[in-house]
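Structure first, then comments.
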Amino acid sequence: MITTLIRRAIQAGFVIFAMTLIVFLGVNVIGNPVDILINPDLNQAERLRVIQNLGLDQPLWRQYLGFLHGLAQGNFGDSFVYGRPALQVIAERLPATLELALCAMVIAIVIGLPLGLYAGLYPERISSRLIMTGSILGFSLPTFWVGLMFILLFAVQLGWLPSNGRGETAEFLGAKWSFLTRDGLAHLVLPALNLALFKTSLILRLTRAGVQEVVLQDFVKFARAKGLRESRIVLVHILKNLMIPVITIIGLEFGSLIAFSVVTESIFGWPGMGKLIIDSINLLDRPVIVAYLMMMVVLFVSLNFVIDICYTLLDPRVRLDGKG
(Lines give C-alpha, C1' and ligand atoms only; values in the text may rest on other atoms or scores of the structure.)
Protein backbone atom coordinates (compact mmCIF):
# COMPACT_ATOMS: atom_id res chain seq x y z
CA MET A 1 0.00 0.00 0.00
CA ILE A 2 2.71 2.48 0.99
CA THR A 3 4.74 1.66 -2.12
CA THR A 4 1.71 2.24 -4.32
CA LEU A 5 0.96 5.55 -2.66
CA ILE A 6 4.55 6.69 -3.16
CA ARG A 7 4.38 5.67 -6.82
CA ARG A 8 1.15 7.62 -7.29
CA ALA A 9 2.70 10.65 -5.60
CA ILE A 10 5.67 10.49 -8.00
CA GLN A 11 3.30 10.22 -10.95
CA ALA A 12 1.42 13.26 -9.66
CA GLY A 13 4.70 15.16 -9.46
CA PHE A 14 5.49 14.39 -13.10
CA VAL A 15 2.00 15.47 -14.15
CA ILE A 16 2.37 18.78 -12.33
CA PHE A 17 5.81 19.36 -13.89
CA ALA A 18 4.45 18.66 -17.40
CA MET A 19 1.56 21.01 -16.78
CA THR A 20 3.93 23.80 -15.74
CA LEU A 21 5.43 23.71 -19.24
CA ILE A 22 2.06 23.49 -20.99
CA VAL A 23 0.50 26.27 -18.93
CA PHE A 24 3.48 28.59 -19.19
CA LEU A 25 3.88 28.20 -22.95
CA GLY A 26 0.13 28.37 -23.53
CA VAL A 27 -0.27 31.61 -21.60
CA ASN A 28 2.78 33.26 -23.15
CA VAL A 29 1.65 32.76 -26.75
CA ILE A 30 -1.61 34.63 -26.09
CA GLY A 31 -1.31 38.31 -26.90
CA ASN A 32 1.19 40.84 -25.67
CA PRO A 33 0.45 42.44 -22.28
CA VAL A 34 2.65 45.39 -23.21
CA ASP A 35 0.04 46.58 -25.69
CA ILE A 36 -2.58 46.72 -22.92
CA LEU A 37 -0.63 47.72 -19.84
CA ILE A 38 1.65 50.39 -21.29
CA ASN A 39 0.38 53.80 -22.33
CA PRO A 40 0.90 54.15 -26.09
CA ASP A 41 1.92 57.77 -25.55
CA LEU A 42 5.11 56.74 -23.72
CA ASN A 43 8.38 57.19 -25.58
CA GLN A 44 10.55 54.24 -26.55
CA ALA A 45 12.93 54.55 -23.58
CA GLU A 46 10.11 54.53 -21.04
CA ARG A 47 8.47 51.66 -22.88
CA LEU A 48 11.66 49.57 -22.71
CA ARG A 49 12.07 50.35 -19.02
CA VAL A 50 8.56 49.08 -18.23
CA ILE A 51 9.17 45.95 -20.32
CA GLN A 52 12.35 45.25 -18.36
CA ASN A 53 10.58 45.78 -15.05
CA LEU A 54 7.94 43.22 -16.08
CA GLY A 55 10.64 40.77 -17.15
CA LEU A 56 9.23 40.53 -20.67
CA ASP A 57 12.56 41.34 -22.31
CA GLN A 58 14.02 37.95 -21.36
CA PRO A 59 13.99 34.95 -23.74
CA LEU A 60 11.06 32.62 -23.20
CA TRP A 61 13.25 29.78 -21.89
CA ARG A 62 14.81 32.09 -19.32
CA GLN A 63 11.36 33.30 -18.26
CA TYR A 64 10.32 29.64 -17.83
CA LEU A 65 13.37 28.80 -15.69
CA GLY A 66 12.64 31.83 -13.56
CA PHE A 67 9.05 30.68 -13.29
CA LEU A 68 10.14 27.21 -12.11
CA HIS A 69 12.54 28.76 -9.58
CA GLY A 70 9.78 30.96 -8.23
CA LEU A 71 7.31 28.06 -8.25
CA ALA A 72 9.63 26.00 -6.07
CA GLN A 73 9.54 28.89 -3.57
CA GLY A 74 5.78 29.39 -3.87
CA ASN A 75 6.30 32.60 -5.85
CA PHE A 76 4.45 33.07 -9.16
CA GLY A 77 5.71 36.58 -9.70
CA ASP A 78 3.99 39.93 -9.23
CA SER A 79 0.71 40.74 -10.91
CA PHE A 80 1.12 43.19 -13.80
CA VAL A 81 -2.13 44.93 -12.81
CA TYR A 82 -2.16 44.87 -9.01
CA GLY A 83 1.61 45.12 -8.45
CA ARG A 84 1.46 42.48 -5.72
CA PRO A 85 2.38 38.74 -5.66
CA ALA A 86 -0.03 36.87 -7.92
CA LEU A 87 -0.58 34.14 -5.34
CA GLN A 88 -1.56 36.76 -2.77
CA VAL A 89 -4.09 38.30 -5.18
CA ILE A 90 -5.66 34.89 -5.78
CA ALA A 91 -5.57 33.92 -2.09
CA GLU A 92 -7.67 36.97 -1.27
CA ARG A 93 -10.41 35.68 -3.59
CA LEU A 94 -10.04 31.98 -2.75
CA PRO A 95 -12.25 31.89 0.39
CA ALA A 96 -15.22 33.34 -1.52
CA THR A 97 -14.97 30.75 -4.32
CA LEU A 98 -14.22 27.91 -1.91
CA GLU A 99 -17.20 28.81 0.25
CA LEU A 100 -19.51 28.97 -2.76
CA ALA A 101 -18.26 25.64 -4.15
CA LEU A 102 -18.56 23.88 -0.79
CA CYS A 103 -22.11 25.09 -0.22
CA ALA A 104 -23.10 24.12 -3.77
CA MET A 105 -21.63 20.63 -3.38
CA VAL A 106 -23.31 20.10 0.00
CA ILE A 107 -26.65 21.09 -1.56
CA ALA A 108 -26.04 18.73 -4.48
CA ILE A 109 -25.21 15.80 -2.18
CA VAL A 110 -28.01 16.42 0.33
CA ILE A 111 -30.62 16.66 -2.45
CA GLY A 112 -29.23 14.46 -5.20
CA LEU A 113 -28.14 11.41 -3.20
CA PRO A 114 -31.45 10.70 -1.34
CA LEU A 115 -33.58 11.45 -4.40
CA GLY A 116 -31.42 9.23 -6.60
CA LEU A 117 -31.57 6.45 -4.01
CA TYR A 118 -35.37 6.72 -3.85
CA ALA A 119 -35.77 6.81 -7.63
CA GLY A 120 -33.55 3.74 -7.98
CA LEU A 121 -35.34 1.70 -5.31
CA TYR A 122 -38.84 2.56 -6.56
CA PRO A 123 -38.45 3.27 -10.30
CA GLU A 124 -42.11 2.61 -11.18
CA ARG A 125 -43.61 5.17 -8.81
CA ILE A 126 -44.95 8.41 -10.24
CA SER A 127 -42.86 10.41 -7.79
CA SER A 128 -39.72 8.72 -9.11
CA ARG A 129 -40.66 9.60 -12.67
CA LEU A 130 -41.20 13.21 -11.63
CA ILE A 131 -37.80 13.25 -9.95
CA MET A 132 -36.10 11.99 -13.13
CA THR A 133 -37.97 14.55 -15.23
CA GLY A 134 -36.74 17.28 -12.91
CA SER A 135 -33.17 16.01 -13.25
CA ILE A 136 -33.41 16.39 -17.04
CA LEU A 137 -34.32 20.06 -16.52
CA GLY A 138 -31.26 20.43 -14.29
CA PHE A 139 -29.07 19.21 -17.16
CA SER A 140 -30.85 21.19 -19.85
CA LEU A 141 -31.36 24.66 -18.41
CA PRO A 142 -28.41 27.05 -18.95
CA THR A 143 -26.75 28.17 -15.74
CA PHE A 144 -26.77 31.85 -16.68
CA TRP A 145 -30.51 31.76 -17.51
CA VAL A 146 -31.42 30.00 -14.26
CA GLY A 147 -29.35 32.54 -12.35
CA LEU A 148 -31.18 35.43 -13.98
CA MET A 149 -34.54 33.80 -13.22
CA PHE A 150 -33.51 33.32 -9.59
CA ILE A 151 -32.68 37.01 -9.34
CA LEU A 152 -35.90 38.05 -11.06
CA LEU A 153 -38.10 35.85 -8.86
CA PHE A 154 -36.50 35.84 -5.41
CA ALA A 155 -34.78 39.23 -5.43
CA VAL A 156 -36.88 41.46 -7.68
CA GLN A 157 -40.40 40.07 -7.50
CA LEU A 158 -40.52 38.57 -3.99
CA GLY A 159 -37.69 40.53 -2.38
CA TRP A 160 -36.72 37.59 -0.21
CA LEU A 161 -33.01 37.41 -1.00
CA PRO A 162 -30.31 39.84 -2.21
CA SER A 163 -29.30 39.62 -5.85
CA ASN A 164 -25.56 40.29 -5.78
CA GLY A 165 -22.49 40.70 -3.62
CA ARG A 166 -21.21 38.66 -0.75
CA GLY A 167 -22.83 40.50 2.11
CA GLU A 168 -21.48 40.74 5.65
CA THR A 169 -18.61 38.41 6.49
CA ALA A 170 -16.99 37.12 9.68
CA GLU A 171 -13.37 36.11 10.12
CA PHE A 172 -12.50 32.50 10.87
CA LEU A 173 -9.09 30.77 10.52
CA GLY A 174 -7.62 33.94 9.08
CA ALA A 175 -10.18 34.27 6.26
CA LYS A 176 -13.52 36.00 5.83
CA TRP A 177 -16.62 33.83 5.38
CA SER A 178 -20.18 34.70 4.50
CA PHE A 179 -21.99 31.69 5.94
CA LEU A 180 -21.07 32.77 9.49
CA THR A 181 -23.38 35.80 9.34
CA ARG A 182 -27.08 36.02 8.62
CA ASP A 183 -26.66 38.66 5.92
CA GLY A 184 -23.81 36.73 4.29
CA LEU A 185 -25.83 33.52 4.33
CA ALA A 186 -28.72 35.30 2.61
CA HIS A 187 -26.33 36.46 -0.13
CA LEU A 188 -24.96 32.92 -0.45
CA VAL A 189 -28.24 31.08 -1.04
CA LEU A 190 -29.02 32.05 -4.65
CA PRO A 191 -25.55 31.62 -6.17
CA ALA A 192 -25.05 28.32 -4.31
CA LEU A 193 -28.39 26.97 -5.57
CA ASN A 194 -27.57 28.12 -9.08
CA LEU A 195 -24.16 26.47 -9.02
CA ALA A 196 -25.56 23.26 -7.48
CA LEU A 197 -28.32 22.72 -10.06
CA PHE A 198 -26.32 20.75 -12.61
CA LYS A 199 -24.33 18.85 -9.98
CA THR A 200 -27.53 17.80 -8.20
CA SER A 201 -28.93 16.31 -11.39
CA LEU A 202 -25.65 14.54 -12.10
CA ILE A 203 -25.40 12.95 -8.65
CA LEU A 204 -29.10 12.05 -8.72
CA ARG A 205 -28.93 10.20 -12.03
CA LEU A 206 -25.64 8.50 -11.19
CA THR A 207 -27.02 7.30 -7.84
CA ARG A 208 -30.18 5.99 -9.47
CA ALA A 209 -28.21 4.07 -12.08
CA GLY A 210 -25.95 2.63 -9.39
CA VAL A 211 -28.89 1.52 -7.24
CA GLN A 212 -30.58 -0.24 -10.13
CA GLU A 213 -27.37 -2.11 -10.87
CA VAL A 214 -26.60 -3.07 -7.27
CA VAL A 215 -30.11 -4.30 -6.33
CA LEU A 216 -29.79 -7.04 -8.94
CA GLN A 217 -26.61 -8.43 -7.39
CA ASP A 218 -26.70 -11.77 -5.58
CA PHE A 219 -25.54 -10.37 -2.23
CA VAL A 220 -28.59 -8.08 -2.10
CA LYS A 221 -30.94 -10.93 -2.94
CA PHE A 222 -29.24 -13.07 -0.29
CA ALA A 223 -29.58 -10.30 2.30
CA ARG A 224 -33.30 -10.05 1.60
CA ALA A 225 -33.63 -13.84 1.76
CA LYS A 226 -32.02 -13.76 5.22
CA GLY A 227 -34.78 -11.41 6.34
CA LEU A 228 -32.60 -8.39 7.05
CA ARG A 229 -34.35 -5.07 7.57
CA GLU A 230 -34.76 -3.04 4.39
CA SER A 231 -33.03 -0.07 5.98
CA ARG A 232 -29.95 -2.20 6.72
CA ILE A 233 -29.93 -3.59 3.19
CA VAL A 234 -30.08 -0.07 1.73
CA LEU A 235 -27.46 1.49 4.01
CA VAL A 236 -24.97 -1.37 4.30
CA HIS A 237 -25.31 -3.39 1.11
CA ILE A 238 -26.63 -0.99 -1.53
CA LEU A 239 -25.40 2.45 -0.57
CA LYS A 240 -21.88 1.35 0.32
CA ASN A 241 -21.38 -0.50 -2.95
CA LEU A 242 -22.60 2.33 -5.17
CA MET A 243 -20.52 5.00 -3.44
CA ILE A 244 -17.30 4.35 -5.40
CA PRO A 245 -18.49 5.94 -8.68
CA VAL A 246 -20.44 8.56 -6.74
CA ILE A 247 -17.36 9.61 -4.76
CA THR A 248 -15.39 9.82 -8.00
CA ILE A 249 -17.93 12.21 -9.48
CA ILE A 250 -18.24 14.23 -6.26
CA GLY A 251 -14.47 14.69 -6.04
CA LEU A 252 -13.97 15.71 -9.65
CA GLU A 253 -17.08 17.88 -9.79
CA PHE A 254 -16.03 19.70 -6.63
CA GLY A 255 -12.84 20.63 -8.43
CA SER A 256 -14.85 21.84 -11.41
CA LEU A 257 -17.04 23.94 -9.12
CA ILE A 258 -13.95 25.78 -7.91
CA ALA A 259 -12.36 26.07 -11.34
CA PHE A 260 -15.41 26.92 -13.45
CA SER A 261 -17.74 28.94 -11.24
CA VAL A 262 -17.06 32.05 -13.33
CA VAL A 263 -20.57 32.25 -14.84
CA THR A 264 -22.33 32.12 -11.49
CA GLU A 265 -19.86 34.55 -9.91
CA SER A 266 -20.35 37.01 -12.76
CA ILE A 267 -24.15 36.87 -12.64
CA PHE A 268 -24.38 37.33 -8.88
CA GLY A 269 -21.41 39.69 -8.53
CA TRP A 270 -19.67 37.17 -6.27
CA PRO A 271 -16.11 38.39 -5.59
CA GLY A 272 -14.34 35.09 -6.18
CA MET A 273 -11.54 33.71 -8.31
CA GLY A 274 -13.74 33.25 -11.38
CA LYS A 275 -14.30 36.95 -11.83
CA LEU A 276 -10.64 37.62 -11.10
CA ILE A 277 -9.41 35.25 -13.82
CA ILE A 278 -11.75 36.75 -16.41
CA ASP A 279 -10.45 40.24 -15.61
CA SER A 280 -6.88 38.93 -15.73
CA ILE A 281 -7.43 37.35 -19.15
CA ASN A 282 -8.88 40.59 -20.49
CA LEU A 283 -5.83 42.49 -19.21
CA LEU A 284 -3.33 39.69 -20.06
CA ASP A 285 -2.12 39.61 -16.47
CA ARG A 286 0.08 36.58 -17.07
CA PRO A 287 1.34 35.94 -13.49
CA VAL A 288 -2.23 35.76 -12.17
CA ILE A 289 -3.38 33.55 -15.04
CA VAL A 290 -0.47 31.14 -14.59
CA ALA A 291 -0.87 31.05 -10.80
CA TYR A 292 -4.58 30.34 -11.14
CA LEU A 293 -4.11 27.56 -13.68
CA MET A 294 -1.36 25.91 -11.63
CA MET A 295 -3.57 26.02 -8.55
CA MET A 296 -6.28 24.23 -10.53
CA VAL A 297 -3.77 21.62 -11.74
CA VAL A 298 -2.62 20.90 -8.19
CA LEU A 299 -6.24 20.82 -7.05
CA PHE A 300 -7.35 18.21 -9.59
CA VAL A 301 -4.23 16.07 -9.11
CA SER A 302 -4.74 16.16 -5.33
CA LEU A 303 -8.43 15.30 -5.65
CA ASN A 304 -7.63 12.30 -7.83
CA PHE A 305 -5.07 11.15 -5.27
CA VAL A 306 -7.58 11.46 -2.43
CA ILE A 307 -10.24 9.65 -4.48
CA ASP A 308 -7.86 6.74 -5.07
CA ILE A 309 -7.35 6.45 -1.32
CA CYS A 310 -11.11 6.57 -0.71
CA TYR A 311 -11.55 3.62 -3.06
CA THR A 312 -9.64 1.30 -0.74
CA LEU A 313 -11.48 2.58 2.33
CA LEU A 314 -14.86 1.79 0.76
CA ASP A 315 -13.87 -1.47 -0.89
CA PRO A 316 -10.61 -3.29 0.02
CA ARG A 317 -10.86 -5.24 -3.26
CA VAL A 318 -10.08 -2.07 -5.17
CA ARG A 319 -6.34 -1.61 -5.54
CA LEU A 320 -4.61 1.67 -6.22
CA ASP A 321 -2.42 0.04 -8.85
CA GLY A 322 -5.45 -0.38 -11.11
CA LYS A 323 -5.82 -4.17 -10.65
CA GLY A 324 -9.06 -3.88 -8.71
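The values are calculated or read from the model by the stated rules, or taken from the named source; none is laboratory data. These numbers were taken from a predicted model, which means no experiment stands behind them. Heads up, the Cβs are rebuilt from the backbone with ideal geometry, glycines too, and the neighbour counts pull from every protein chain shown. These accessible areas exclude ligands, DNA and RNA; they are computed on the full protein's heavy atoms, side chains included. Shrake-Rupley method; radii C 1.70, N 1.55, O 1.52, S 1.80 Å.
For the structure I just gave you, tell me whether LEU228 is free of Cβ contacts under 8 Å to residues at least 24 places away in the same chain, part of a loop (DSSP other than H, G, I, E, B) and touching a helix residue (DSSP H, G or I) at 6+ places or on another chain (Cβ under 9 Å). Step through it out loud before you land on a result.
Numbers: free of Cβ contacts under 8 Å to residues at least 24 places away in the same chain: yes; part of a loop (DSSP other than H, G, I, E, B): yes; touching a helix residue (DSSP H, G or I) at 6+ places or on another chain (Cβ under 9 Å): yes.
Taking the combined requirement at face value, the residue satisfies it.
Being under 18 Å from the mean Cα position of the chain (by Cα), assigned to a helix (DSSP H, G or I) and not hydrophobic (A, V, I, L, M, F, W, C) narrows it down to one residue among GLY112, GLY116, GLY120, GLY134; which is it?
Numbers: GLY116 fails: under 18 Å from the mean Cα position of the chain (by Cα); GLY120 fails: under 18 Å from the mean Cα position of the chain (by Cα); GLY134 fails: under 18 Å from the mean Cα position of the chain (by Cα).
Unique residue meeting the criteria: GLY112.
Kindly provide the set of residues from region 152-172 that are within 19 Å of THR97 (Cβ to Cβ), part of a loop (DSSP other than H, G, I, E, B) and out of contact with any helix residue (DSSP H, G or I) (no Cβ under 9 Å at 6 or more places or on another chain), ordered by number.
none
State all residues of region 215-263 that are in contact with a Gly (Cβ under 7 Å, 6 or more places away or on another chain) and not β-branched (Val, Ile, Thr); if no residue qualifies, say none. So that I can check it myself, show each step before the final result.
Pass one, region 215-263, residues in contact with a Gly (Cβ under 7 Å, 6 or more places away or on another chain): 242, 245-246, 261-262.
Result: LEU242, PRO245, SER261.
Which residues, counting only those in region 81-103, are open to solvent by less than 60 Å² (accessible area, probe 1.4 Å) and among the acidic types (Asp, Glu)?
GLU99
Every residue in region 55-67 that is of a type in the set (A, V, I, L, M, F, W, C), surrounded by 14 or more Cβ atoms within 10 Å (Cβ to Cβ) and part of a helix (DSSP H, G or I), please. Write out each step before concluding.
Filtering region 55-67 for residues of a type in the set (A, V, I, L, M, F, W, C) gives 56, 60-61, 65, 67.
Narrowing further to those that are surrounded by 14 or more Cβ atoms within 10 Å (Cβ to Cβ): 56, 67.
Answer for region 55-67, where residues must be of a type in the set (A, V, I, L, M, F, W, C), surrounded by 14 or more Cβ atoms within 10 Å (Cβ to Cβ) and part of a helix (DSSP H, G or I): just PHE67.
Residues checked against (1) at pLDDT below 75; (2) open to solvent by less than 40 Å² (accessible area, probe 1.4 Å):
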| site | (1), (2) |
| --- | --- |
| ARG208 | no, no |
| GLN212 | no, no |
| ALA225 | no, no |
| VAL236 | yes, no |
| TRP270 | no, yes |
| ASP279 | no, no |
| THR312 | yes, yes |
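Being open to solvent by 30 Å² or more (accessible area, probe 1.4 Å), in a helix (DSSP H, G or I), modelled with pLDDT of 80 or more and at negative phi: is that true of GLU265 here? Please lay out each step first, then the result.
Working: open to solvent by 30 Å² or more (accessible area, probe 1.4 Å): no; in a helix (DSSP H, G or I): yes; modelled with pLDDT of 80 or more: yes; at negative phi: yes.
Spelling it out, it is not the case that GLU265 is open to solvent by 30 Å² or more (accessible area, probe 1.4 Å), in a helix (DSSP H, G or I), modelled with pLDDT of 80 or more and at negative phi.
Hey, any hits in region 75-85 for a residue that's part of a helix (DSSP H, G or I) and either at pLDDT below 75 or not polar (S, T, N, Q) (or both)? I'd like the intermediate steps shown before the answer.
Going through region 75-85, the residues part of a helix (DSSP H, G or I) turn out to be none.
No - not one qualifying residue is present in region 75-85.
Looking at region 72-84, I want the residues that are touching a residue at least 40 places away in the same chain (Cβ under 8 Å) and have a partner that is open to solvent by 60 Å² or more (accessible area, probe 1.4 Å) and not in a helix (DSSP H, G or I) with Cβ atoms under 8 Å, at least 6 apart or on another chain. Which pairs are those?
Between residues of region 72-84 that are touching a residue at least 40 places away in the same chain (Cβ under 8 Å) and residues that are open to solvent by 60 Å² or more (accessible area, probe 1.4 Å) and not in a helix (DSSP H, G or I), the close pairs are ASP78/ARG84; PHE80/LEU283; VAL81/LEU283.
I'd like the full set of residues that are open to solvent by 50 Å² or more (accessible area, probe 1.4 Å) and within 13 Å of VAL189 (Cβ to Cβ), limited to region 140-165.
Initial filter on region 140-165 (open to solvent by 50 Å² or more (accessible area, probe 1.4 Å)): 140-145, 148-149, 152-154, 156-160, 164.
Correct list: LEU153, PHE154, LEU158, TRP160, ASN164.
Taking only region 166-206 into account, find how many residues are of a type in the set (D, E, K, R) and surrounded by fewer than 19 Cβ atoms within 10 Å (Cβ to Cβ).
Start the filter on region 166-206 by keeping residues that are of a type in the set (D, E, K, R), which leaves 166, 168, 171, 176, 182-183, 199, 205.
Among the residues that remain, those that are also surrounded by fewer than 19 Cβ atoms within 10 Å (Cβ to Cβ) are: 168, 171, 176, 182-183.
Within region 166-206, residues that are of a type in the set (D, E, K, R) and surrounded by fewer than 19 Cβ atoms within 10 Å (Cβ to Cβ) number 5.
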